[in-house]
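Undergrad: Mind looking over this structure? Questions follow.
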Amino acid sequence: MLLEGKVAVVTGASRGIGRAIAEDLAAHGAAVVINYNASADAAEEVVAGIKANGGRATAVQADVSQFDQAQTLIKTALDSYGQIDILVNNAGTTRDKLLLMMKEADWDTVLDTNLKSVFNCCKAVARPMIRRKQGGRIINISSVAALVGQAGQANYAASKAGVIGFTKSLAKEVGSRQITVNAVTPGFFPTALTAVLPEDMVNTSLEYIPLGRWGELSEVAYLVSFLASDKAAYITGQVISVDGGLAM
Ligand code: NAP
């Protein structure tokens, strides 16, 4: 088992990419804390599925855009499992609008949920990870939008580009402790986040993806499990696209 004996926290794991990541980490042997904000039933369903397959998981509610709640999430995970080896910052949201229509609240919500949450959770986990002296893995889910931009997503692309700068900086800060920090930039994946995209945008997206299709959730999840494993010990500060070639 690639992740036997490891403990992971995955933010926003009640559905979509986060759920797929949590399930894959558990399938590779990690105990997983399933963070959610509002979707308690969905999170409990993820936990039940992991347990039914012989894994270990717990659902923990926390709005990770809030500093204090992120602290509590990490403390709860430590109290439950005694250690955290892997943090996956996946929670995210969109408020797509052209800049001329974008409200201050659209900017603030997206920046807080997608970028401040990464600061909040990393800040909470860094000290316990360093103190334990066993290294660690932090994997931040950014987006292809950070690399190429997207009309109607100035807030989202800015938040996800911020995640990349944060990732590289933290990788330099904690590298000597054998804690790796990497960013993953997914392209298009079928989740609630992309279900709201207009049909013409969905069709146009396919023209720009060399592999000619959207990704499957398992295809981003397995990359994260690899980055979380001991096999990826010498990879840090990297931005790895899983996008069918969209951003190259
Ligand atoms: P999704 O299906 O909408 O799921 C979002 C998850 O984040 C849910 O579990 C949600 O839980 C959680 N969440 C949202 N705000 C939260 C908060 N403040 N605190 C804690 N949890 C919160 O979205 P997704 O498509 O799986 O996206 C996952 C990540 O991948 C995001 O960072 C997104 O930007 C990124 N991404 C997605 C795509 C794509 O094509 N889908 C492409 C590039 C990047 P609750 O329902 O409980 O709030």
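The values are calculated or read from the model by the stated rules, or taken from the named source; none is laboratory data. As the structure is a computational prediction, the values presented were derived from the model and not from experiment. Here the Cβ positions follow ideal geometry from the backbone for every residue, glycine too, while neighbour counts run over all protein chains shown.
Undergrad: Among the candidates 223, 227, single out the residue that is at pLDDT 95 or above and either out of contact with any Lys or Arg (no Cβ under 8 Å at 6 or more places or on another chain) or within 11 Å of the ligand (Cβ to nearest atom) (or both).
TA: 223
Undergrad: Let me ask another. For the stretch 31-57, which positions are under 16 Å from residue 70 (Cβ atoms) and either among the aromatic types (Phe, Trp, Tyr) or in contact with a Lys or Arg (Cβ under 9 Å, 6 or more places away or on another chain) (or both)?
TA: 34, 36
Undergrad: So residue 37 ticks every box in (1) within 12 Å of the ligand (Cβ to nearest atom); (2) under 24 Å from residue 128 (Cα atoms); (3) crowded, with 24+ Cβ neighbours inside 10 Å but one. Which box is left unticked?
TA: Going through the list (1) within 12 Å of the ligand (Cβ to nearest atom); (2) under 24 Å from residue 128 (Cα atoms); (3) crowded, with 24+ Cβ neighbours inside 10 Å, residue 37 breaks only (3).
Undergrad: Are any of the residues in the stretch 162-177 polar (S, T, N, Q), crowded, with 19+ Cβ neighbours inside 10 Å and within 12 Å of the ligand (Cβ to nearest atom)?
TA: no
Undergrad: Can you confirm whether residue 158 is in contact (Cβ under 8 Å) with a residue 40 or more places away in the chain, more than 30 Å from residue 82 (Cβ to Cβ) and away from the ligand (no atom under 13 Å from the Cβ)?
TA: no
Undergrad: Those residues that are assigned to a helix (DSSP H, G or I), away from the ligand (no atom under 11 Å from the Cβ) and closer than 19 Å to residue 92 by Cβ, I need them from the stretch 180-201; list them, please.
TA: 201
Undergrad: Of 39, 65, 14, which residue is in contact with a Phe, Trp or Tyr (Cβ under 6 Å, 6 or more places away or on another chain) and polar (S, T, N, Q)?
TA: None of the other options fit; the residue is 14.
Undergrad: Within the stretch 182-208, take every residue that is of a type in the set (Gly, Ala, Ser) and under 27 Å from residue 232 (Cα atoms) and give me the one that is farthest from the chain's Cα centre (by Cα).
TA: 187
Undergrad: Residue by residue through the stretch 113-128, note down the ones that are farther than 17 Å from residue 164 by Cα and either crowded, with 23+ Cβ neighbours inside 10 Å or under 15 Å from the mean Cα position of the chain (by Cα) (or both).
TA: 124, 125
Undergrad: Helices (runs of 4 or more DSSP H) wholly in the stretch 1-117 with at least 2 residues that are of a type outside the set (S, T, N, Q), closer than 26 Å to residue 169 by Cα and free of Cβ contacts under 8 Å to residues at least 40 places away in the same chain - which ones?
TA: Passing ranges: none, list empty.
Undergrad: In the stretch 227-248, which residues are in a helix (DSSP H, G or I) and surrounded by fewer than 17 Cβ atoms within 10 Å (Cβ to Cβ)?
TA: 230, 231
Undergrad: Are any residues in the stretch 131-155 within 13 Å of the chain's Cα centre (by Cα), closer than 11 Å to residue 185 by Cα and either part of a helix (DSSP H, G or I) or not hydrophobic (A, V, I, L, M, F, W, C) (or both), and if so, which ones?
TA: 140, 142, 143
Undergrad: Continuing with the same structure: Which one of these does residue 27 not meet: (1) surrounded by fewer than 21 Cβ atoms within 10 Å (Cβ to Cβ); (2) of a type in the set (A, V, I, L, M); (3) more than 13 Å from the ligand (Cβ to nearest atom); (4) more than 15 Å from residue 218 (Cα to Cα)?
TA: Here residue 27 meets the rest and fails (4).
Undergrad: Oh, and also: What is the residue count in the stretch 2-24 for residues that are on the phi < 0 side of the Ramachandran plot, within 13 Å of the ligand (Cβ to nearest atom) and small (Gly, Ala, Ser)?
TA: Adding up the residues that qualify gives 5.
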